[in-house]
Amino acid sequence: MDHRATVLRKVPGLFGIPAPELDELARSFRLIDVLDADLCTEGAAPRALFVLAEGRCEVSRTTPGGQRVRVAQLSPGCLFGHLSLLTEGVRTATVRTVGPARVLELPLDEARALLKNGPLHVTSALRRALIVATARQLAAATHTTAELARSAGLCTPDPARSTQPLPAVQEAEILLADPRW
Amino acid sequence: MSTAAPAPPPLPMTGLSAEDAALLAQHLVPRSLEAGEVLLRAGGAERVLVWVQSGAVEVRLDLNGQRFTVDHFGPGAIFGELGFFDPDHVRAADVVATAACEALILPFSAYAAMVSAGEPLVVAIEEQVLAQLGARMTATSQRLGGLLARRDQPSAWQALRRFLGLGA
């Protein structure tokens, strides 16, 4: 089996895809070796989505106060850089490989073309992978939001355990995730 | 006198072909909830996708004994996607009706059968889920950004301690 297909089989959401279709999807990706490289750069225009094949990546972002904070670590099988397929705008975090790493890369315009024109079994699998990656990221960001709200004292303990609404939206920023993202 | 069958609930998606609409209607399971009734429970692993038809639900997350409302869904909203598409996922939050609510539920087995049969309806379902996820991600990120900005601002107490040379 193509090594790229072996990597894709580890991506959550790509269940049940027959081998020929998985191989076809895999051929859309380019396997690249990198060393301490920024694959996504906060503030830059997005150009591709990625799957980490080997090695690890760190996700960091700059807080409004200018502090650079690490918000997540990615492990093999993680799909990332895909939010640009769902939302407009620039990269919201920097993703950097730590040491040597291998990644699968799919340019966003090719991903869009594949989703629009590809065979159903292939595009459905890719959409499932995008849904799971996004939903995990959303769950992690939601959890972090609740933790931040609590640590900021915006939600006070309630012995009756009645529901505490989270604070209202304040300004546009994006992204945070947990290590399994 | 014949008794007419109850009218099927309106479909949660528009723009479907007649065949897709009929296929979707065949697999959706309607559910009525009273205010306060739990639709999905934390710790559960049932694989269902839920559309809200009427009424409202909220998502409640427990964190170390504190309960937070982290999202609200009204008519047209779709949720349950992580448990639906990710077989390893265990639900982290309760979804509770906050008003009388009508929901439509798609079991995963029905979706999987449609994928196997190559039904184009799965594309419409997946695209609707992705579109709503993108909107929710943006809203959550905005809220998160606001909280991070707030965390960066020193409190008056910290500022006073720094002014007095006592450290933050």
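The values are calculated or read from the model by the stated rules, or taken from the named source; none is laboratory data. Remember, predicted model here, so these are calculated numbers, not experimental data. Virtual Cβ from ideal backbone geometry, glycine too; neighbours counted across all protein chains shown. Quick note on the areas: whole protein, heavy atoms, side chains included, nothing else; ligands and nucleic acids left out. Shrake-Rupley method; radii C 1.70, N 1.55, O 1.52, S 1.80 Å.
Results, tabulated for the structure shown:
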item	result
Filtered residues of region B:74-83 (kept if closer than 16 Å to residue B:42 by Cβ and either more than 7 Å from every other protein chain (Cβ to nearest Cβ) or in contact with a Cys (Cβ under 6 Å, 6 or more places away or on another chain) (or both))	B:79, B:80, B:83
Flag if residue A:133 is at the interface with another protein chain (Cβ under 7 Å from one of its Cβ atoms), open to solvent by 10 Å² or more (accessible area, probe 1.4 Å), modelled with pLDDT of 80 or more and closer than 28 Å to residue B:84 by Cβ	no
Condition check for residue B:70: in contact (Cβ under 8 Å) with a residue 60 or more places away in the chain, within 13 Å of chain A (Cβ to nearest Cβ) and either of a type in the set (A, V, I, L, M) or open to solvent by 40 Å² or more (accessible area, probe 1.4 Å) (or both)	no
Qualifying residues in region B:92-122 (those that are part of a helix (DSSP H, G or I) and open to solvent by 60 Å² or more (accessible area, probe 1.4 Å)) - the one farthest from residue A:21 (Cα to Cα)	B:109
Subset of region A:84-105 [aliphatic (A, V, I, L, M), surrounded by fewer than 22 Cβ atoms within 10 Å (Cβ to Cβ) and closer than 20 Å to residue A:13 by Cα]	A:85, A:86
Boolean, residue B:41 is of a type in the set (Lys, Arg), over 19 Å from residue B:140 (Cα atoms) and more than 7 Å from chain A (Cβ to nearest Cβ)	yes
Count of region A:119-139 residues which are touching a residue at least 40 places away in the same chain (Cβ under 8 Å) and over 17 Å from the mean Cα position of the chain (by Cα)	3
Test set (1) crowded, with 23+ Cβ neighbours inside 10 Å; (2) facing chain B (nearest Cβ under 9 Å) - residue A:143 fails condition number	(1)
Residue match in region A:148-156 (condition: surrounded by fewer than 20 Cβ atoms within 10 Å (Cβ to Cβ), facing another protein chain (nearest Cβ under 7 Å) and either outside any helix (DSSP H, G or I) or modelled with pLDDT of 50 or more (or both))	yes
Every residue from region A:58-83 that is on the phi > 0 side of the Ramachandran plot and open to solvent by 20 Å² or more (accessible area, probe 1.4 Å)	A:66
Region A:106-130 - residue that is within 14 Å of chain B (Cβ to nearest Cβ) and not in a helix (DSSP H, G or I) and, of those, least open to solvent (accessible area, probe 1.4 Å)	A:118
Of all residues making up region A:5-57, the number that are hydrophobic (A, V, I, L, M, F, W, C) and open to solvent by 50 Å² or more (accessible area, probe 1.4 Å)	4
Of residues in region B:10-56 being in a loop (DSSP other than H, G, I, E, B) and charged (D, E, K, R), the one surrounded by the most Cβ atoms within 10 Å (Cβ to Cβ)	B:47
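Conditions tested, residue by residue: (1) in contact (Cβ under 8 Å) with a residue 60 or more places away in the chain; (2) in contact with an Asp or Glu (Cβ under 7 Å, 6 or more places away or on another chain); (3) in a strand (DSSP E or B).
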| site | (1), (2), (3) |
| --- | --- |
| A:57 | no, no, yes |
| A:65 | no, yes, no |
| A:69 | no, no, yes |
| A:73 | yes, yes, yes |
| A:84 | no, no, no |
| A:88 | no, no, no |
